[in-house]
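Visitor: Got a structure here, written out as structure tokens. Questions coming.
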Amino acid sequence: MKSLRLPSHRLWWALLAGAALSCQPRGDLTAAALVDALHHPDILTEARVLDFLPSLGPNRFVHGWWGWREDHVLRMVPYEQPARLEITSLSSRPRTLKFLTKVHRLPAEGTVEVRVDGRKVAELPLDPSSVELPALPVGRYPVDFIWPEGSEVGIEKAEFEQALPAGQVRIGDDAVIQSGYSAVDFVRRLPAGTRLRGSFSPPANARSEQSFQILIEREGEAAEEVFSWPPSWWRRWRGPSFDVPLRSTEGLVRIRLLAHGTGEPGRWRELTITTPATPPEPAPVVPAAPKLVLLYVMDALRADAVGHLGGGAQATPLLDRLAAEGVTFVDHQSLAPNTLPSTKTLFTGRPVLESNRKRLSRQGPPLLAELFQQAGYRTALLSGNGYVSDFYGVTRGFEHLDRGVLYEFHPKTTYNDNAEWVHRAALDWLRGLEPDERAFLYLHTVHPHTPYSPPAEFVAPAVADLDSTISGDSDTLVRLRQGEIEASQDDRERLATLYRGGLAYNDRELDRLLNEILARYAAGEVLLVVTSDHGEEFFDHGGVLHGYTLYRDQLHVPLVVWWPGTLAPHRVEAATDTQDLYVTLRRLVSEYEPQLLAGRSLWPLLLDSGSVGGKEIRFAAAPGVPGGIFAAYSRGRKLVWAPRKGSQWGVGDGPGRTHEAEYVFDLRTDPDEANNLAGDSSMETDWLRSRLLAWIELGRALQPGSEDAELDEAMESNLRALGYLD
């Protein structure tokens, strides 16, 4: 897939135009620009060569290939069946795909089976030199190669004998300008009654072979031509303008602008999507802010470790009680698999796609604490994790900090007692407030984060029966992640038990803290929010710890909101994320109109009012990995783009690292995200890719701002003790 990158002035035009048109009423219709900042148009052209991984080009290796550089040549060897390519066709005719191969190992006999879009088209020798492909309509198609077991055939070069000359596409301020052999795809999820409006200006000196079309493809249906130039004789009366229906029912649709023939460009102007106007949702009612707002983060807590979210009876009795008495969100996600970017998002409301170890700029957007401070709240932050400290710029607005509660900044005990230090400091600060003062308190404990070393009473007796003495300290876990040591099945069970023990210990300590707080405040005066910054892996996909993947075990975190007398007990099934939590807390003390890439208020869901559903798409990024890993996912499908840096594409680290640049998971049939469908031809995948590429580009443009962080020796020691800075 050829990536379209708008110049900066075009990007900002798209931002402004999208914002201006997205809610622009036209009588009983609402109009929105087809070209906007939230969708990345997919430009299709043909090419002779196949791009090596990672690539978004017209022809590319997709998955099932192991790549390395040798003598300045990138060699691709299939390691998984089928090994898949993806090709682009803009004209239905047979083509020949040729290979330059290098045999590493072959079985005694057998053949290579070739499938195109799921249909078998050829049986080839084990060291193929070419394959004849059938005529294919316009679009992208997966080509699967299935070698017999034991085959190692490197492909150093792959190219078509023929390809149509690549056309040119330019996205202008008010037009899509298109020439040559090319297609521009816009994939949208649209409501019923949606229409496409616009006009076409043909080339000034058109050639006889030139033609332009609009094809509409609705999910599950064949493509339909709705506009053509030159027009067929029976459509000549239509003229250069068009107004065509897109959806009679809600669903996905592909709008394809197609050009054939060489010559001057045509221009698609004022491309607009109109939908029936709907009454605006009433502004969410926000209760009066309470006396104490306590935002409590347990570090590295994956949701399915919590009792009421799958962790088993009595895994977390206090959290389960708070969920039963308050509101629990069962599908809440973090935007990052590590602490610093997820905390930056929680405090700024913006996604973070830049380096993991940058500090927030002093001139960045207002942080939650600053907004609470401006509203008259006293503010304090007490964190055991050095990434949530003044070294990284996330403490603006917090008047009270205490580095003494950072893990390893106090005397050693036989277990990780960080929660006790954080809670003791929090109570000391609260006792120093005047009785009528309001407070915003952020607490961040290093539990169940490494080191997995709970008090002995929280270690299950079953551990004694395991043939394992493996330590849960951070150094051991980092060595496991990097493949320096291996873990037996008993080692794995012991580590998981120690992790759950740390969670149980934190749960008890939170119970004690809450009892102390309720001795000072009436229950209705306290809003308690309990969540996590990210999850943790226990060999779910071959690795441990966090930060290198965007699987569900890294992103799915608990969210429990407890406010007696204000919030009635209930469960929320809607899809939510950290940005939504930011907007929700901000709305307690400040007016806020969400911008592009912003979250939305959870108050309708908290108050169990209105008809607000879950997010259509959620996003995530692992900015701590050079080159980045990015994901977009709906309830039914997930797409991960993992270009990383150099030839290190893939997700994970050490033995847990995979070697694909793109991942597609069908979450309906594969909730464990184990079967990679990259290269599939589903419209939902194309829609997610369109949204993800736009999110990456727009997210980088809207970064909250950063500076280089400068650490002292004590802070470096803290981060190393938590398994960082390796």
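The values are calculated or read from the model by the stated rules, or taken from the named source; none is laboratory data. The structure displayed is predicted, hence computed values, not measured ones. Reconstructed Cβ throughout: ideal geometry from the backbone, glycine too, with neighbour counts over all protein chains shown.
Visitor: At least 1 residues that are modelled with pLDDT of 95 or more and either on the phi < 0 side of the Ramachandran plot or surrounded by 23 or more Cβ atoms within 10 Å (Cβ to Cβ) (or both) in each: list the strands (runs of 3 or more DSSP E) lying fully within segment 294-403 that qualify.
Guide: Those strands (runs of 3 or more DSSP E) span 327-329, 378-383.
Visitor: I've got another one for you. Which pairs do you get when a residue that is in the same structural domain as A183 (by TED's automatic domain parsing), found in segment 92-117, comes within reach of a residue that is at pLDDT below 90 and assigned to a loop (DSSP other than H, G, I, E, B), reach meaning Cβ atoms under 9 angstrom, with the pair 6+ apart or on two chains?
Guide: none
Visitor: For the subset of segment 94-138 comprising residues that are of a type in the set (S, T, N, Q) and within 21 Å of V73 (Cβ to Cβ), which member is surrounded by the most Cβ atoms within 10 Å (Cβ to Cβ)?
Guide: This residue is T101.
Visitor: Assuming T249 fulfils every condition listed in (1) without any contact (Cβ under 8 Å) to a residue 60 or more places away in the chain; (2) within 11 Å of L196 (Cβ to Cβ); (3) β-branched (V, I, T) apart from one, which condition is it?
Guide: Here T249 meets the rest and fails (2).
Visitor: Can I ask one more? Checking the condition surrounded by fewer than 17 Cβ atoms within 10 Å (Cβ to Cβ), in contact with a strand residue (DSSP E or B) (Cβ under 8 Å, 6 or more places away or on another chain) and in the same structural domain as R700 (by TED's automatic domain parsing), which residue from S647, S590 passes?
Guide: The conditions single out S647.
Visitor: Would you confirm, using the coordinates I've provided, whether D36 is farther than 30 Å from T272 by Cβ and part of a loop (DSSP other than H, G, I, E, B)?
Guide: Details: farther than 30 Å from T272 by Cβ: no; part of a loop (DSSP other than H, G, I, E, B): yes.
Spelling it out, it is not the case that D36 is farther than 30 Å from T272 by Cβ and part of a loop (DSSP other than H, G, I, E, B).
Visitor: Any residue in segment 54-65 that is of a type in the set (G, A, S) sitting within a Cβ distance under 7 Å of a residue that is assigned to a strand (DSSP E or B)? List the pairs, counting only those 6 or more apart or interchain.
Guide: G57/K2; G57/D51; G64/P78; G64/A83; G64/R84
Residue-by-condition table, conditions (1) at pLDDT 95 or above; (2) farther than 18 Å from N338 by Cβ; (3) touching a helix residue (DSSP H, G or I) at 6+ places or on another chain (Cβ under 8 Å):
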position: G535; (1), (2), (3): yes, no, yes
position: G542; (1), (2), (3): no, yes, yes
position: T549; (1), (2), (3): yes, no, yes
position: R552; (1), (2), (3): yes, no, no
position: L555; (1), (2), (3): yes, no, no
position: V560; (1), (2), (3): yes, yes, yes
position: L567; (1), (2), (3): yes, yes, yes
position: H570; (1), (2), (3): yes, yes, no
position: T576; (1), (2), (3): yes, yes, yes
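Visitor: Sort through L133, L106, L85, L100 and tell me the only one that's within 29 Å of S647 (Cα to Cα), among the hydrophobic types (A, V, I, L, M, F, W, C) and modelled with pLDDT of 90 or more.
Guide: Numbers: L133 fails: within 29 Å of S647 (Cα to Cα); L106 fails: modelled with pLDDT of 90 or more; L100 fails: modelled with pLDDT of 90 or more.
Selected residue: L85, the only one of L133, L106, L85, L100 that is within 29 Å of S647 (Cα to Cα), among the hydrophobic types (A, V, I, L, M, F, W, C) and modelled with pLDDT of 90 or more.
Visitor: Checking the condition in the same structural domain as A439 (by TED's automatic domain parsing), more than 21 Å from the chain's Cα centre (by Cα), among the hydrophobic types (A, V, I, L, M, F, W, C) and crowded, with 23+ Cβ neighbours inside 10 Å, which residue from L510, L518, L559, L555 passes?
Guide: L510
Visitor: Still on this model: With respect to V589, is the statement that it is more than 20 Å from the chain's Cα centre (by Cα) and closer than 27 Å to L667 by Cα true?
Guide: So V589 fails the test.
Visitor: From V640, V612, grab the single residue that is β-branched (V, I, T) and either under 18 Å from A678 (Cβ atoms) or surrounded by 19 or more Cβ atoms within 10 Å (Cβ to Cβ) (or both). Talk me through it step by step, then tell me what you get.
Guide: Values: V612 fails: either under 18 Å from A678 (Cβ atoms) or surrounded by 19 or more Cβ atoms within 10 Å (Cβ to Cβ) (or both).
V640 is the lone residue from the list that is β-branched (V, I, T) and either under 18 Å from A678 (Cβ atoms) or surrounded by 19 or more Cβ atoms within 10 Å (Cβ to Cβ) (or both).
Visitor: On the basis of being surrounded by 20 or more Cβ atoms within 10 Å (Cβ to Cβ) and either free of Cβ contacts under 8 Å to residues at least 60 places away in the same chain or at negative phi (or both), does H410 make the cut? So that I can check it myself, show each step before the final result.
Guide: Values: surrounded by 20 or more Cβ atoms within 10 Å (Cβ to Cβ): no; either free of Cβ contacts under 8 Å to residues at least 60 places away in the same chain or at negative phi (or both): yes.
Criteria not met by H410.
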